[in-house]
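The values are calculated or read from the model by the stated rules, or taken from the named source; none is laboratory data. Since this is a predicted model, take the numbers as computed values, not measurements. We place every Cβ from the backbone using ideal geometry, glycine too, and count neighbours over all the protein chains shown. Side chains included, ligands, DNA and RNA excluded: accessible areas come from the protein's heavy atoms. Shrake-Rupley method; radii C 1.70, N 1.55, O 1.52, S 1.80 Å.
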Amino acid sequence: MTRLVALLLAALILALPLSLLAGKVWIDPFDPQVRNAAIILTELRLPRAVLALVLGAGLGGAGAAMQGYLRNPLADPGLFGIAPSAALGAVLSLFLGLTAAWALPLFALVGAGGAMALLGIIAGREGNVALFTLAGMMIASLAGALTSLAISLSPTPFAMSEIVTWLMGALADRSWREVWIAAPLTLAGLGFLWAAGRGLDALTLGEAAARSLGLEPNRMQALIILGVGLTVGASVAVAGIIGFVGLMVPHLIRPFTDRRPSSLLLPSALAGALLLLVADCLCRVLPTVGELRLGIALSLVGAPFFLHLLLKLRKGLA
């Protein structure tokens with residue numbers, strides 16, 4: 001795993017400076033004729049790149065933890081209902097016309113926090129994985145329905161347009177303010193997921209065997225809720241819905257590890273950061289009239305990837 005981590009870090013070190021130069025207009029930092037290059041790099045592209053690294057790491061780590069906790073290779077952070085609930089909170093701020101800079105992230109984080117609390121209450125203290133999954137699906141369905149209701153009842157066409165555009169997910173026009181919002185929340189979430197690593201390894205033996213090894217189901221459940229809630233909530237709060245990162249990354253990385261969930265957490269976080277950074281660069285350089293939204297781009301890649309996994313799983317069961 002050490003070699004894998006080193007390779008991912010090397011790829012990130014190489015990709016980061018290249019991402020700063022990429023865009024509709026490529027920047028040569030050594031060209032004296034390029035005006036305001038330093039401002040463009042430090043105030044526009046650098047915070048966007050750092051935000052991609054932060055959010056990608058959080059989503060990649062959350063996906064690895066979820067797949068380990070549910071023991072399901074098709075699990076995705078959106079399954080817990082935290083991402084849809086965070087999106088619902090953000091949509092409500094747009095619906096109410098709150099224009100303050102803090103309003104949308106705050107509402108999104110409140111939505112994610114509400115989903116985390118509701119998930120813990122419904123799932124109870126026994127840490128039952130099946131009940132936990134069903135509770136997450138119920139919350140996701142409810143949040144999705146309420147979001148659709150808010151869109152249909154939008155007071156103005158402008159509000160509806162703002163809601164739909166934000167839900168597509170993107171890192172465009174983000175600044176250091178979004179980085180300072182997302183970074184501490186994401187790091188805290190990854191810390192909770194890292195603390196759950198040994199418990200996730202024990203769960204691979206089954207719930208009964210894990211309990212016999214001293215696993216506390218309610219503590220494990222709390223760590224997963226906090227970890228996924230903070231990482232996914234932070235992502236939705238500042239960038240909208242960005243899907244499939246938590247699904248794809250663990251699958252791409254797993255063959256290069258010993259397949260223990262704890263061994264997958266750090267490489268998945270690094271690979272998630274790399275994936276989101278590269279995807280955002282491609283969205284910027286594609287020859288389109290307007291910039292392709294990052295959430296749409298990842299969905300165009302993630303949906304076929306998910307179908308491939310389903311067909312592979314079906315073939316394995318046949």
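Out of the residues in region 15-55 that are polar (S, T, N, Q) and surrounded by fewer than 12 Cβ atoms within 10 Å (Cβ to Cβ), state the one that is modelled with the highest pLDDT.
First, the residues of region 15-55 that are polar (S, T, N, Q): 19, 33, 36, 42.
From the residues that got through so far, the ones that are surrounded by fewer than 12 Cβ atoms within 10 Å (Cβ to Cβ) too are 33, 36.
Values: 33: 60, 36: 70.
That would be 36.
Check region 143-166 and report whether any residue there is surrounded by fewer than 16 Cβ atoms within 10 Å (Cβ to Cβ) and more than 19 Å from residue 94 (Cβ to Cβ).
No, every residue in region 143-166 fails to be surrounded by fewer than 16 Cβ atoms within 10 Å (Cβ to Cβ) and more than 19 Å from residue 94 (Cβ to Cβ).
Suppose the filter is more than 30 Å from residue 93 (Cβ to Cβ), at pLDDT 90 or above and in a helix (DSSP H, G or I); does residue 309 pass it? Break it down stepwise before answering.
Working: more than 30 Å from residue 93 (Cβ to Cβ): yes; at pLDDT 90 or above: no; in a helix (DSSP H, G or I): yes.
Here the answer is no, as residue 309 does not meet what is asked.
Can residue 78 be described as in a helix (DSSP H, G or I), in contact with a helix residue (DSSP H, G or I) (Cβ under 8 Å, 6 or more places away or on another chain), touching a residue at least 12 places away in the same chain (Cβ under 8 Å) and under 28 Å from residue 264 (Cβ atoms)?
Judged against the criteria, residue 78 is a match.
Step by step: first the residues of region 93-105, then only those that are touching a residue at least 24 places away in the same chain (Cβ under 8 Å) and closer than 19 Å to residue 234 by Cα, then the one that is surrounded by the fewest Cβ atoms within 10 Å (Cβ to Cβ). Which residue is that? Steps first, please.
Going residue by residue through region 93-105, those that are touching a residue at least 24 places away in the same chain (Cβ under 8 Å) are 94-95, 97, 101, 104-105.
Now narrow it down to the ones that are closer than 19 Å to residue 234 by Cα: 94, 101, 104-105.
Details: 94: 25, 101: 10, 104: 22, 105: 23.
By that ranking, first place goes to 101.
Filter region 298-314 down to residues that are open to solvent by 50 Å² or more (accessible area, probe 1.4 Å) and more than 22 Å from residue 55 (Cβ to Cβ) and give me whichever is farthest from the chain's Cα centre (by Cα).
The selected residue is 314.
For region 81-92, what are the residues that are farther than 22 Å from residue 179 by Cα, open to solvent by less than 30 Å² (accessible area, probe 1.4 Å) and part of a helix (DSSP H, G or I)? Write out each step before concluding.
Kept after step one, since they are farther than 22 Å from residue 179 by Cα, are these residues of region 81-92: 81, 92.
Applying the additional criterion that residues be open to solvent by less than 30 Å² (accessible area, probe 1.4 Å) yields 81.
Those that are farther than 22 Å from residue 179 by Cα, open to solvent by less than 30 Å² (accessible area, probe 1.4 Å) and part of a helix (DSSP H, G or I): none in region 81-92.
Quickly run through region 174-186 and pick out the residues that are over 12 Å from residue 47 (Cα atoms) and surrounded by fewer than 16 Cβ atoms within 10 Å (Cβ to Cβ).
Across region 174-186, the qualifying residue is only 184.
Can you pull out the residues in region 199-257 that are of a type in the set (Ser, Thr, Tyr), over 28 Å from residue 175 (Cβ atoms) and either in contact with a Ser or Thr (Cβ under 9 Å, 6 or more places away or on another chain) or open to solvent by less than 60 Å² (accessible area, probe 1.4 Å) (or both)?
Here is the first cut: in region 199-257, the ones of a type in the set (Ser, Thr, Tyr) are 204, 212, 231, 235, 257.
Retained after the next criterion (residues that are over 28 Å from residue 175 (Cβ atoms)): 204, 212, 257.
The one that is of a type in the set (Ser, Thr, Tyr), over 28 Å from residue 175 (Cβ atoms) and either in contact with a Ser or Thr (Cβ under 9 Å, 6 or more places away or on another chain) or open to solvent by less than 60 Å² (accessible area, probe 1.4 Å) (or both): 257.
Counting only residues that are part of a helix (DSSP H, G or I), of a type in the set (A, V, I, L, M, F, W, C) and touching a helix residue (DSSP H, G or I) at 6+ places or on another chain (Cβ under 6 Å), which one in region 280-297 is nearest to residue 55 (Cα to Cα)?
First, pick out the residues of region 280-297 that are part of a helix (DSSP H, G or I): 280-285, 294-297.
In the following step, the residues that additionally are of a type in the set (A, V, I, L, M, F, W, C) were identified as 281-283, 285, 294, 296-297.
Pick out the ones that are also touching a helix residue (DSSP H, G or I) at 6+ places or on another chain (Cβ under 6 Å) and you get 281, 283, 294, 297.
On the way: 281: 15, 283: 16, 294: 12, 297: 16 Å.
Looking at residues that are part of a helix (DSSP H, G or I), of a type in the set (A, V, I, L, M, F, W, C) and touching a helix residue (DSSP H, G or I) at 6+ places or on another chain (Cβ under 6 Å), I get 294.
Does residue 220 satisfy being at pLDDT 85 or above, under 19 Å from residue 262 (Cα atoms) and among the hydrophobic types (A, V, I, L, M, F, W, C)?
yes
Is it true that residue 78 is on the phi > 0 side of the Ramachandran plot and open to solvent by 10 Å² or more (accessible area, probe 1.4 Å)? Give the steps one after another, and end with the answer.
On the way: on the phi > 0 side of the Ramachandran plot: no; open to solvent by 10 Å² or more (accessible area, probe 1.4 Å): yes.
No; evaluated as a whole, the condition is false for this residue.
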